[in-house]
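Single-structure report; data block below.
Every number in this text was worked out from the coordinates using simple rules, so none of it is lab data. Since the model is a prediction, treat every value here as computed from it, not as a measurement. Every residue, glycine among them, receives a Cβ derived from its backbone with ideal geometry; neighbour counts consider all protein chains shown.
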Amino acid sequence: MRPLFTTPESRSRFRQLCGAFAGMVLLGAEVMAAEPAQSKGPGAADSRRSAPAVRDPWAPAERPRDWQYLVLHHSATKDGSVESIHQAHLMNRDQFGQPWLGIGYHFVIGNGSGMDDGEVEPTFRWRGQLQGAHAGSVDHNERGIGICLIGNFQEAPPSARQLESLARLTTYLARKHAIDSESIVGHGSVRATECPGRNFPLQQVRKRLALHQNDLPTAVSVRLSSTPFDAIDR
Ligand SMILES: [Zn+2]
């Protein structure tokens, strides 16, 4: 077993982690304190605009890879979650006969069956900045961020909330990694597959990104009861 925090570097990393944790606790306390007693009305979000910025919930744990593409998929199922896809992908084997590490995507966006509608969840591949196992192309697995929306878009389009979340996520990732709208591709552009389905509005997703990519970061809104997704809109 590797000894923990024995070198000066790792001790300083440990202190950083402790500091970050303390900061998060303090931040939580500040946000709670700033939360007005009656804030359920329509103007509630604005009243929280002055709240302190929260940590970036999508920041990976590792140094970012050299991402060049966003590769969009559907699950081709009615329901699903990170966990259900993870279990399914654990059964897959790579070209060398080795089992996959687990879910091949970097992000999953739920549709209300298995995950909340519009909920975005990063996977271990994003947190660890590992290459994906989703594209069927070496280049797009190594340099493409795999995003899977739950649903079968051969049959119906994604939900409005899924598209809203996808727009936020693609804008965030494109800004962070300098990816242009033309490098957002459907799986079917990389290999012969129907994925992400004939009802998937790829052009609309690209257009929306092109419109918003150069916007200045907007104020952070903090919602205590929601997924951390609101925090990335900056
Ligand atoms: Zn796909």
Relative contact order (%) - criterion: Cα under 8 Å, at least six apart; region: the stretch 76-191: 26
Likely footprinting exposure, GLU164, GLU155, fewest C-beta neighbours within 10 Å first: GLU155, GLU164
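Please give the net charge around GLN131, taking every other residue with its beta carbon less than 10 angstrom from that of GLN131, where Lys and Arg add +1 and Asp and Glu add -1.
Values: positive: ARG65, ARG125, ARG143; negative: GLU142.
Here the charged neighbours net out to +2.
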The stretch 56-104 and the stretch 164-192: distance between their alpha carbon centers, rounded to Å: 16
GLY114 long-range amide H proximity, modeled H, under 5 Å: GLY80
Per-pair calculated FRET efficiency, R0 = 41 Å: LEU90 and LYS207 via Cβ, rounded to 0.05: 0.65
Cubic angstrom per residue, convex hull over Cα atoms of the stretch 69-212: 98
The stretch 71-92 residues near the modelled GLU194 label - backbone nitrogen below 13 Å, point 7 Å along Cα→Cβ: 74-78
Distance in nm between pseudo-label sites at ALA59 and PHE124 (7 Å out along the Cβ direction from Cα): 2.3
Paramagnetic label zone (point 7 Å from Cα along Cα-to-C-beta, ASP79; backbone N under 13 Å) in the stretch 137-160: 151
